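The values are calculated or read from the model by the stated rules, or taken from the named source; none is laboratory data. The structure displayed is predicted, hence computed values, not measured ones. Don't worry about glycine lacking a Cβ; one is built from the backbone with ideal geometry, like all the others, and counts go over all protein chains shown. Just the protein is used for accessible areas: all its heavy atoms, side chains included, with ligands, DNA and RNA removed. Shrake-Rupley method; radii C 1.70, N 1.55, O 1.52, S 1.80 Å.
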Amino acid sequence: MADDAAQVPVATGRTRFPQISPRAYEHPADRGALATARAVPGFPAVLKAIYGAIPERSERLLALATSIKVSENQYPELHRLRVECATALDLEQVPDLFVARDPHPNSYAMGMDEPFIVITTGLVELLDEDGLRFVLGHEMGHILSGHVLYYTILRRLIGLAAGMSWMPVGYWGLRAIILALQDWHRRSQLSADRAGLLCVQDAAVALRVHMILSGVTDPTKIDTAEYLKQAADYDGVEDVRDSVLKLIHLDGLTHPLPVVRAADLQQWAASEQYRDILAGNYPRRGDDSTTSNWKDDIKGAAKSYKEAITSSADPLAKVLSEVGNLVSDTAGKVWNSFTGGNRADSGSGDAGKGSGPSAN
C-alpha cells in the first residue's frame with residue numbers, strides 16, 4: 001500500500017479487506033465474457049499491437065491538461081475518499097483521480113501500467129459523500145480486477161475503427177473484437193459494483209446511486225421496493241417480441257440497464273458470499289491459483305447463465321433454456337450410441353446440461 005494510504009484509515013465502522021483477491025467479488029458473467037473476448041480470432045495480436053502503439057502517458061497528459069488532479073489541496077474531500085477506498089481494497093498504489101468538467105454524470109478508470117480514475121463534475125454534483133465513496137470503490141474494483149487494460153484497448157479500438165470503415169476486411173475484423181469487448185465491459189460493471197459495495201458497505205447507498213442514475217432527483221420521494229419491482233417487471237415480460245426488443249436495447253451500450261443493474265447488486269448484497277467477505281472469509285491474492293484459465297472462467301459463466309435463465313420469467317430465456325437442455329440431452333444420447341454408454345460423464349447429467357447456456 002502506498003504511503004499516503006497507510007496514513008489514512010478506513011472510515012470508522014467500515015471493514016478493511018487485506019490482500020483481497022478480485023475473485024472474491026467478480027461476477028462469473030464478467031470473467032466468462034472476457035474469456036470469450038480473448039478467444040475471438042486475432043485478439044492477442046491486436047492487443048499486443050494496440051498496447052505498444054500509443055503510450056499510456058498520452059491519456060495521462062491529456063487528463064493533466066484538461067481536468068483537475070485531486071490532492072490534499074484540490075478537492076480534499078475526494079482525496080480522502082480515494083485513499084479510504086484504496087485502503088479498504090488494499091490496493092498496492094492509490095490511483096490518481098481527476099475531475100473533468102462534464103455535465104453528464106460519468107466515471108471511468110483507464111491506463112495500463114499506472115491506471116487512473118476520471119469522474120465528471122456532473123456526477124460529483126449529483127452524489128453525496130457515501131455515493132461518491134461507492135463510485136470510487138467501483139472504479140478501484142475495475143483497477144484491482146485488471147479491467148482497465150481491456151477498457152483502454154476498447155477505447156483505442158473504437159477510435160481506430162472509425163477511421164477504417166473504408167477498409168471492409170480490416171474494419172469488420174476490428175468490429176468483431178470491439179463487440180466482444182463491449183459485451184464484456186457491460187458485464188464487468190456488475191463486478192465493479194460489488195467492489196463499490198465493499199467500500200461503502202451499505203446496500204442502501206448503492207441502491208440510491210443507481211436510483212439517481214436512473215433519473216431520481218429526490219430519493220426520499222421514491223419507493224425502493226417499487227423501484228426494484230421494475231426490474232422484475234422488465235424480466236417478466238410475457239411476449240417473446242418484448243424479449244427481442246430487450247436484446248436490441250443493449251446494442252451499443254457500455255453499461256447494463258440501471259434498474260436491472262441495481263437489482264443484481266441488491267441480490268448479491270443479500271447473499272452469503274457478501275456476508276462472508278465482510279466477516280473476513282474471502283480468497284487472498286497470494287492464494288490465487290495460477291492454473292486458472294479461460295476454460296474455467298467460461299464454465300463459471302455458463303453456470304451463472306444457467307442459474308439466471310432458470311430463475312428468469314422472460315419467455316425467450318425459458319425457450320433458450322429448454323432448447324439448450326434438449327440439445328444437451330440429444331448430444332448425450334448420440335455420444336452414448338457411439339460409446340456404448342460406458343462413459344460415466346456422458347448423457348444428460350449436469351455437465352451436459354451446462355453446455356446449453358454456455359453456447360447461447
(1) in contact with a Lys or Arg (Cβ under 7 Å, 6 or more places away or on another chain); (2) at pLDDT below 70; (3) under 27 Å from P283 (Cβ atoms) all hold for A29 apart from (2)
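For the subset of region 110-127 comprising residues that are without any contact (Cβ under 8 Å) to a residue 60 or more places away in the chain and part of a helix (DSSP H, G or I), which member is surrounded by the fewest Cβ atoms within 10 Å (Cβ to Cβ)?
Applying the filter and picking the extreme gives E125.
Residues checked against (1) part of a loop (DSSP other than H, G, I, E, B); (2) more than 30 Å from E272 (Cα to Cα):
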residue: A29; (1), (2): no, no
residue: L34; (1), (2): no, no
residue: L62; (1), (2): no, yes
residue: E72; (1), (2): yes, yes
residue: D90; (1), (2): yes, no
residue: V94; (1), (2): yes, no
residue: Y108; (1), (2): no, no
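This table checks each residue for (1) at pLDDT below 80; (2) over 21 Å from T152 (Cβ atoms); (3) of a type in the set (V, I, T).
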residue: A11; (1), (2), (3): yes, yes, no
residue: A35; (1), (2), (3): yes, no, no
residue: P41; (1), (2), (3): yes, yes, no
residue: K48; (1), (2), (3): yes, no, no
residue: T66; (1), (2), (3): no, no, yes
residue: Y75; (1), (2), (3): no, yes, no
residue: V83; (1), (2), (3): no, yes, yes
residue: D90; (1), (2), (3): no, yes, no
residue: P103; (1), (2), (3): no, yes, no
Taking region 128-159 and keeping residues among the aliphatic types (A, V, I, L, M) and open to solvent by less than 20 Å² (accessible area, probe 1.4 Å) leaves L132, V135, L136, M140, V148, I153, L154, L157
- Do the conditions hold for A100, that is, is it closer than 19 Å to V200 by Cβ, small (G, A, S) and touching a residue at least 24 places away in the same chain (Cβ under 8 Å)? no
Flagged in region 70-98 as surrounded by fewer than 18 Cβ atoms within 10 Å (Cβ to Cβ) and of a type outside the set (D, E, K, R), in numbering order, are S71, N73, Q74, P76, Q93
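From the residues in region 120-135 that are out of contact with any strand residue (DSSP E or B) (no Cβ under 7 Å at 6 or more places or on another chain) and among the hydrophobic types (A, V, I, L, M, F, W, C), which one is nearest to L97 (Cα to Cα)?
Here is the first cut: in region 120-135, the residues out of contact with any strand residue (DSSP E or B) (no Cβ under 7 Å at 6 or more places or on another chain) are 122, 125-134.
Next, only the ones that are among the hydrophobic types (A, V, I, L, M, F, W, C) stay: 126-127, 132, 134.
Values: L126: 18, L127: 17, L132: 12, F134: 15 Å.
Only one residue tops the list, namely L132.
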For the structure I just gave you, tell me whether D130 is in contact (Cβ under 8 Å) with a residue 12 or more places away in the chain and in a loop (DSSP other than H, G, I, E, B). no
